[in-house]
1. Please work out which residue is surrounded by the fewest Cβ atoms within 10 Å (Cβ to Cβ), limiting yourself to region 33-43 and to residues that are among the aliphatic types (A, V, I, L, M) and within 18 Å of His136 (Cα to Cα).
2. Quick test of your reading of the structure: Pro159 fulfils all but one of (1) free of Cβ contacts under 8 Å to residues at least 40 places away in the same chain; (2) part of a loop (DSSP other than H, G, I, E, B); (3) within 30 Å of Arg29 (Cα to Cα). Name the failing condition by number.
3. Would you say Ser5 is hydroxyl-bearing (Ser, Thr, Tyr), out of contact with any Gly (no Cβ under 7 Å at 6 or more places or on another chain) and in a helix (DSSP H, G or I)?
4. Could you look through region 254-280, keep only residues that are more than 20 Å from Glu304 (Cβ to Cβ) and either assigned to a loop (DSSP other than H, G, I, E, B) or of a type in the set (Ser, Thr, Tyr) (or both), and pick out the one that is modelled with the highest pLDDT?
5. Among Phe298, Phe257, Phe268, which is the only one that is farther than 16 Å from Ala24 by Cβ, in contact (Cβ under 8 Å) with a residue 40 or more places away in the chain and crowded, with 18+ Cβ neighbours inside 10 Å?
6. Do we find a residue being of a type in the set (A, V, I, L, M), under 30 Å from Leu125 (Cα atoms), crowded, with 16+ Cβ neighbours inside 10 Å and without any contact (Cβ under 8 Å) to a residue 40 or more places away in the chain anywhere in region 183-197?
7. Return the total of residues in region 44-68 being surrounded by 19 or more Cβ atoms within 10 Å (Cβ to Cβ) and either part of a helix (DSSP H, G or I) or under 17 Å from the mean Cα position of the chain (by Cα) (or both).
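The values are calculated or read from the model by the stated rules, or taken from the named source; none is laboratory data. In this text the structure is predicted, and so the values were computed from the model without any measurement. Cβ placement follows ideal geometry from the backbone for every residue including glycine, while neighbour counts extend to all protein chains displayed.
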Amino acid sequence: MHVVSVINYKGGVGKTTVTANLAAELAHRGHNILLLDMDPQCSLTFSFFRPEEWDADLKDQKTIKAWFDSLNEGSQPIPLSSLIVKPPQVTKKLVGRGELDLVASHLGLINVDLELATQVGGATLHQSKKNYLKVHRRLAEGLTQIANREYDVVLIDCPPNFNITTKNAIVASDSILIPAKPDYLSTLGIDYLVRSLKGLVDEFNEYLQIDDGLKMQPIDPQIIGVVFTMIQVNAGEPINAQKPFIKQTSQLGIPTFENYFRENKSIFGESPQYGVPVVMNAYSNPTHGGVVKEIETFVTEFEERIGL
């Protein structure tokens with residue numbers, strides 16, 4: 001089971017579009033995929049379930065917030081596996097192929113982070129380090145409970161910040177995928193994100209040295225690459241205004257994907273209301289069909305990078 005966090009500090013870069021289409025195509029190819037929506041905006045959840053379905057069937061007891069709440073209450077936590085649901089429209093299209101499951105998010109997830117922050121401290125430095133490790137390992141431990149479900153890949157859609165829930169995702173991850181729009185603001189934070197990731201890894205592994213019977217392993221999530229989104233194409237290539245930002249990222253020494261997500265507001269904007277990602281649809285329009293082909297090529301590159 002390979003766990004991948006999908007993250008960028010800046011919102012509006014197509015992070016959820018990448019996550020939903022990557023998951024759908026991997027499932028179409030026969031892989032079993034679990035999606036975790038850790039973003040309080042619930043964009044990934046609403047890509048597969050209509051808001052009224054979420055309100056009626058998921059909001060109260062079937063979200064990642066309910067799981068964190070059960071941990072924070074100090075009672076017997078509910079199993080993470082009990083929150084897994086199957087998006088109905090995608091499931092119909094995947095008959096005879098792989099599986100795509102989801103743990104939904106909740107608009108109140110931001111309050112969970114505040115609660116987690118209060119649990120990190122301690123009366124002594126030693127106790128603070130123990131609490132830090134336990135709080136940041138919660139999602140990793142929850143995922144061990146679903147290892148017997150035989151998922152090939154777990155994709156975690158992270159919020160555009162570096163709070164404790166995001167850190168939980170990173171600590172639980174084998175790899176990091178960074179969607180980015182090739183413009184000044186979207187690429188500006190990539191280097192800062194990489195440094196923040198390194199800081200978290202170093203701090204977590206340093207605290208492990210307290211050796212207090214916690215039986216935790218060092219973490220070492222690897223950045224598998226930056227995938228560029230909202231690419232405007234001219235003559236089969238990104239437009240000149242976007243090329244410098246793509247080149248700038250490569251010069252930082254951060255791996256980048258050769259393939260990208262082309263900007264197409266009509267099909268990417270419409271797909272969530274039908275509960276089916278773009279890559280699972282057939283289009284007679286050659287431009288739209290070309291977008292699907294580009295996503296498929298990106299997914300092939302993704303498979304190669306994680307050894308799937």
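1. Step one: of region 33-43, the residues among the aliphatic types (A, V, I, L, M) are 33-36, 38.
After this cut, where a residue has to be within 18 Å of His136 (Cα to Cα) as well, the list is 36, 38.
On the way: Leu36: 30, Met38: 25.
Filtering first and then ranking leaves Met38.
2. Tallying (1) free of Cβ contacts under 8 Å to residues at least 40 places away in the same chain; (2) part of a loop (DSSP other than H, G, I, E, B); (3) within 30 Å of Arg29 (Cα to Cα), Pro159 fails exactly one: (1).
3. Details: hydroxyl-bearing (Ser, Thr, Tyr): yes; out of contact with any Gly (no Cβ under 7 Å at 6 or more places or on another chain): yes; in a helix (DSSP H, G or I): no.
No.
4. Narrowing region 254-280 to residues more than 20 Å from Glu304 (Cβ to Cβ): 262-278, 280.
Those still in the list that are either assigned to a loop (DSSP other than H, G, I, E, B) or of a type in the set (Ser, Thr, Tyr) (or both) too: 263-264, 266, 271, 274-277.
On the way: Glu263: 80, Asn264: 77, Ser266: 75, Ser271: 77, Tyr274: 78, Gly275: 83, Val276: 87, Pro277: 91.
Taking the candidates together, the pick is Pro277.
5. On the way: Phe298 fails: farther than 16 Å from Ala24 by Cβ; Phe268 fails: farther than 16 Å from Ala24 by Cβ.
Result of the check over Phe298, Phe257, Phe268: Phe257.
6. Taking region 183-197 as the starting set, the residues that turn out to be of a type in the set (A, V, I, L, M) are 185, 188, 190, 193-194, 197.
When the remaining residues are screened for being under 30 Å from Leu125 (Cα atoms), the result is 193-194, 197.
Applying the additional criterion that residues be crowded, with 16+ Cβ neighbours inside 10 Å yields 193-194, 197.
Pick out the ones that are also without any contact (Cβ under 8 Å) to a residue 40 or more places away in the chain and you get 197.
Checked against the condition, which is being of a type in the set (A, V, I, L, M), under 30 Å from Leu125 (Cα atoms), crowded, with 16+ Cβ neighbours inside 10 Å and without any contact (Cβ under 8 Å) to a residue 40 or more places away in the chain, region 183-197 yields at least one hit.
7. 13
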